[in-house]
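See structure below.
The values are calculated or read from the model by the stated rules, or taken from the named source; none is laboratory data. Since this is a predicted model, take the numbers as computed values, not measurements. Cβ sites come from the backbone with ideal geometry, for glycine too, and all protein chains shown count toward neighbours. For the accessible areas, the whole protein counts, side chains as well, though only heavy atoms, and no ligand, DNA or RNA atoms are used. Shrake-Rupley method; radii C 1.70, N 1.55, O 1.52, S 1.80 Å.
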Amino acid sequence: QAQLVESGGGLVQPGGSLRLSCAASGSIFSFKTMGWYRQAPGKQRELVATIYIGGTTNYGDSVKGRFTISRDNAKNTVYLQMNSLKPEDTAVYYCNRVPPVVAWGQGTQVTVSS
């Protein structure tokens, strides 16, 4: 069964860092463009980072220069390194294909607060 499992979220102070992981079944991950999305309370889910098969990446303006997406094709895993976190980064973070054509996982909560 195709599935996505996100992990690595938590509570962090402004300026801190977190590394998120997403384990995907092979049918979702292999030879596909993957991305990290987030949904803040009261807001629509948004795409924040994309990684293509060859490793090329793309970022939303709000996270550019602070977040880094990467993938391990042998492990069917995609990562999101988040640095210089801000309170406005608080959201539930999800991974999925780009575009998101498979069922969403449970996500992982990231809270940035002092």
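Return yes when Thr111 is free of Cβ contacts under 8 Å to residues at least 40 places away in the same chain and not aromatic (Phe, Trp, Tyr) and no when it is not. The answer is no for Thr111.
Scanning the range 35-51 for residues that are open to solvent by less than 20 Å² (accessible area, probe 1.4 Å) and at pLDDT below 95 returns no hits. You will find that of Ile69, Ile53, the residue that is farther than 17 Å from Arg19 by Cα and out of contact with any Cys (no Cβ under 9 Å at 6 or more places or on another chain) is Ile53 and no other. Contact map, the range 66-94: first residue free of Cβ contacts under 8 Å to residues at least 24 places away in the same chain and of a type in the set (Gly, Ala, Ser), second residue open to solvent by 10 Å² or more (accessible area, probe 1.4 Å) and outside any strand (DSSP E or B), Cβ cut-off under 9 Å, separation 6 or more or different chains; pairs are Ser70/Gly55. The condition of being under 20 Å from Thr111 (Cα atoms) and either polar (S, T, N, Q) or under 11 Å from the mean Cα position of the chain (by Cα) (or both) holds for only one of Gln44, Gln3, that being Gln44.
Could you tell me whether any residue of the range 7-23 is within 16 Å of Val110 (Cα to Cα), open to solvent by 40 Å² or more (accessible area, probe 1.4 Å) and in contact with an Asp or Glu (Cβ under 8 Å, 6 or more places away or on another chain)? The answer is no; no qualifying residue exists. Within the range 82-103, being in contact with a strand residue (DSSP E or B) (Cβ under 8 Å, 6 or more places away or on another chain), over 11 Å from Trp36 (Cα atoms) and surrounded by 12 or more Cβ atoms within 10 Å (Cβ to Cβ) holds for Met82, Asn83, Leu85, Lys86, Asp89, Thr90, Ala91, Val102.
The criterion of at least 2 residues that are not polar (S, T, N, Q) is met by the following strands (runs of 3 or more DSSP E) wholly inside the range 27-99: 34-39, 46-51, 67-72, 77-82, 91-97.
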